[in-house]
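All remarks here apply to the structure that follows.
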Amino acid sequence: MICWSKEAQGWGSVWEQRMTIGQAALDDAYKLAAQGKVNEALDMVNRIIADNPNNWRAHFLKAAVLVLAERRDDALREMDQSIRLAHHSNVSAALLSELYQSKGRSCIDYGRYQDAKRALETAVHLQPNDPTTLNDLAWMFATAQNKQVRNGRRAVSLATKACRLGGWTNAFAIDTLAAAYAESGRFDEAARYEQLAMQNLRPEDRKEQLGGMQNRLQLYESGQPYRGQ
């Protein structure tokens, strides 16, 4: 495990949205940002927003560019604006959930746990049977540095549901369930599920994820929970 969300670091899902934007100018702005030309990308997105201030996709992409520019407060404000406009645009519950999920992940990165909790709870409310969304919220409840945010009981419940929806083959969801049991003080179960998570890792994920899982297994076997960011 490299990051708390395990499947996308920070605003990774924001970048994936570029193919759904369907507007050449926004796609060009994305390409500039991907090349590290953050200021040029920001200028281009600002021009798009000036022409169409109600374009939620443009605000969505601007938020991602602002993250790259390390302008955290501005990025979150832009994300909130994107969410407000998306609500008014009557986008699907699935897409709206992704927006809240992106905000929640970033709030975790920034240590804003209460904001992250609200965003991820909303994402789960919108998509109650989406394993990734359930997993993100469960991981936060299981591993957050802030003890006021951690909730082992809820983490176990959410992670168990994510595992069931994934047919008990999703290594990331099983990894989260292990962390949830550890947070609940049930270390034997935590170790057992961590071993199962490692067994279910896809070959392409093993290099990046196996070491972290092995480290967590050692923690659980010694009676210690895992703490993320």
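The values are calculated or read from the model by the stated rules, or taken from the named source; none is laboratory data. As the structure is a prediction and not an experimental result, all values here were calculated from the model. Here Cβ is always computed from backbone atoms with ideal geometry, including for glycine, and neighbour counts include all displayed protein chains.
Here R118 meets each of (1) buried (at least 18 other Cβ atoms within 10 Å of the Cβ); (2) within 16 Å of the chain's Cα centre (by Cα) with one exception, condition (1). All of A190, A180, A197 fail the test of being small (G, A, S), part of a helix (DSSP H, G or I) and closer than 21 Å to R105 by Cα, apart from A180. Candidates A159, A138, A155: the one that is farther than 24 Å from L61 by Cβ, assigned to a helix (DSSP H, G or I), within 13 Å of the chain's Cα centre (by Cα) and modelled with pLDDT of 95 or more is A138.
On inspection, G223 does not qualify as part of a loop (DSSP other than H, G, I, E, B), among the small types (G, A, S) and modelled with pLDDT under 95.
Of all the listed residues (V91, V45), the sole one being within 26 Å of K161 (Cβ to Cβ) and over 18 Å from the mean Cα position of the chain (by Cα) is V91.
Name the residues in segment 195-213 that are surrounded by 12 or more Cβ atoms within 10 Å (Cβ to Cβ) and touching a helix residue (DSSP H, G or I) at 6+ places or on another chain (Cβ under 8 Å), would you? Of everything in segment 195-213, those that are surrounded by 12 or more Cβ atoms within 10 Å (Cβ to Cβ) and touching a helix residue (DSSP H, G or I) at 6+ places or on another chain (Cβ under 8 Å) turn out to be Q195, L196, A197, M198, N200, L201, D205, Q209, L210, M213. Scanning segment 41-51 for residues that are surrounded by fewer than 15 Cβ atoms within 10 Å (Cβ to Cβ), of a type outside the set (S, T, N, Q) and over 19 Å from S89 (Cβ atoms) returns D43, R47. Looking across D109, D175, D136, D188, one residue alone is surrounded by fewer than 23 Cβ atoms within 10 Å (Cβ to Cβ), in contact (Cβ under 8 Å) with a residue 24 or more places away in the chain and out of contact with any strand residue (DSSP E or B) (no Cβ under 9 Å at 6 or more places or on another chain). It is D109. Please verify whether V91 is modelled with pLDDT under 95, β-branched (V, I, T) and assigned to a loop (DSSP other than H, G, I, E, B), treating the condition exactly as stated. Here the answer is yes, as V91 does meet what is asked. The residues on offer are Y30, Y100, and the sole one that is assigned to a helix (DSSP H, G or I), among the aromatic types (F, W, Y), crowded, with 17+ Cβ neighbours inside 10 Å and touching a Lys or Arg at 6+ places or on another chain (Cβ under 8 Å) is Y30.
So that you can scan it fast, the table gives a plain yes or no per residue for (1) under 22 Å from A116 (Cβ atoms); (2) surrounded by fewer than 16 Cβ atoms within 10 Å (Cβ to Cβ):
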| residue | (1), (2) |
| --- | --- |
| P53 | no, yes |
| K62 | yes, no |
| L68 | yes, no |
| D73 | yes, yes |
| L76 | yes, no |
| R84 | yes, yes |
| N90 | no, yes |
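Within segment 200-207, none of the residues are closer than 30 Å to R112 by Cβ and touching an Asp or Glu at 6+ places or on another chain (Cβ under 9 Å). Put simply, of V124, V149 the only residue that is part of a helix (DSSP H, G or I) and either in contact with a helix residue (DSSP H, G or I) (Cβ under 8 Å, 6 or more places away or on another chain) or buried (at least 21 other Cβ atoms within 10 Å of the Cβ) (or both) is V124.
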